[in-house]
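Structure first, then comments.
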Amino acid sequence: MNRRGERAVGVMALALLSLGFVLFGLIDLVAPVLAPFSPLRVLSRFGFALTPEIEAAGLLAIITAFGSTGAGAAVQTYVNRYVLLAQQATTFGMQEVLDNTLTLLAMLTLGALATALGPRLVFMLAPPLIVLVVVGLIRIGFRLTAQDPAHVQKILRALLHPAPVEPTER
């Protein structure tokens, strides 16, 4: 995060998380490639026989957890760096409320879609759908604050190539 900034790490973590979800949807295709690298293969030494799909899913779970953890660390670093100390507790509290609410809504929506369309298709559709929801929330945020929304290219440039920021004293 010191080199690229927390915003870039957050975007990279989201990309890793999304890649993991898409690969879950393609598990039949990627299992022969990923299964040999799965740490779950060690269980075969103790008499457990797992299918290549389960072994590949174990590796993908690690990849998606790494992306999720990276995104959480990036958000916390961003808040610690840019939000005044007196407002951080409120900010983290609201983050938890929003996180839990969005998780509940996502589970209900994606569960309904998985029931209707099948889980494999939902794993592939969920990442772009989530990105659309986040973009919509950002647009709503601009409207609520009466700010002009920035162009997509400017936002991506700011996320991926941020200027180094020196920590400020509070």
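Throughout, read-outs are computed from the coordinates displayed, never taken from laboratory work. These numbers were taken from a predicted model, which means no experiment stands behind them. Backbone-built Cβ (ideal geometry, glycine too); neighbour counts: all protein chains shown.
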**Report entry** Peptide ranges 94-101, 123-130, 20-27, 44-51 listed from the most packed, as the mean C-beta count within 10 angstrom indicates
**Finding:** 20-27, 123-130, 94-101, 44-51
**Report entry** Positive minus negative residues near Ala57 (Lys, Arg vs Asp, Glu; Cβ under 13 Å)
**Finding:** -1
Query raised in the report: Can you give me the Cα centroid spacing of segment 82-147 and segment 5-67 in angstrom?
Result: 23
Report task. Can you figure out the FRET efficiency of Phe92 with Leu19, using R₀ = 45 Å and their beta-carbon distance, to the nearest 0.05? Result -> 0.95
Report task. Report the one residue of Gly72, Val97, Thr51 whose Cα lies farthest in the direction of the positive end of the charge dipole of the chain (charges on C-beta: Lys and Arg +1, Asp and Glu -1; origin at the Cα centre). Result -> Gly72
Query - Protection proxy ranking of 6-15, 109-118, 59-68 - average other beta-carbon atoms within 10 Å, highest first - result: 6-15, 59-68, 109-118
**Report entry** Potential lengthening between Asp28 and Leu50 on full extension [0.36 nm per residue; Cα-Cα distance subtracted]
**Finding:** 6.5 nm
Report task. First measure r as the distance between the Cβ atoms of Gln153 and Phe37, then evaluate 1/(1 + (r/R0)^6) with R0 = 30 Å and state the FRET efficiency to the nearest 0.05. Result -> 0.25
**Report entry** Mean Kyte hydropathy of 1.0 or more with a Cα span along the axis of at least 24 Å, helices from DSSP in the chain
**Finding:** 6-25, 119-144
Report summary line: Nearest-0.05 FRET efficiency for Tyr82 and Asn2 at R0 = 22 Å, using Cβ-Cβ distance, is 0.90
Report task. Compute the distance in nm between two label points, each set 7 Å from the Cα along the Cα-to-Cβ direction, one at Met107 and one at Val134. Result -> 2.1
Report summary line: At q = 0.13, 0.14, 0.15, 0.18 Å⁻¹, the log10 of I(q)/I(0) for the chain from a Debye sum over equal Cα scatterers comes to -0.82, -0.93, -1.03, -1.29
Report task. Do me a favour and compute the ellipsoid semi-axes for segment 61-125 from its Cα gyration tensor, root of five times each eigenvalue, largest one first, whole Å. Result -> 31, 15, 7
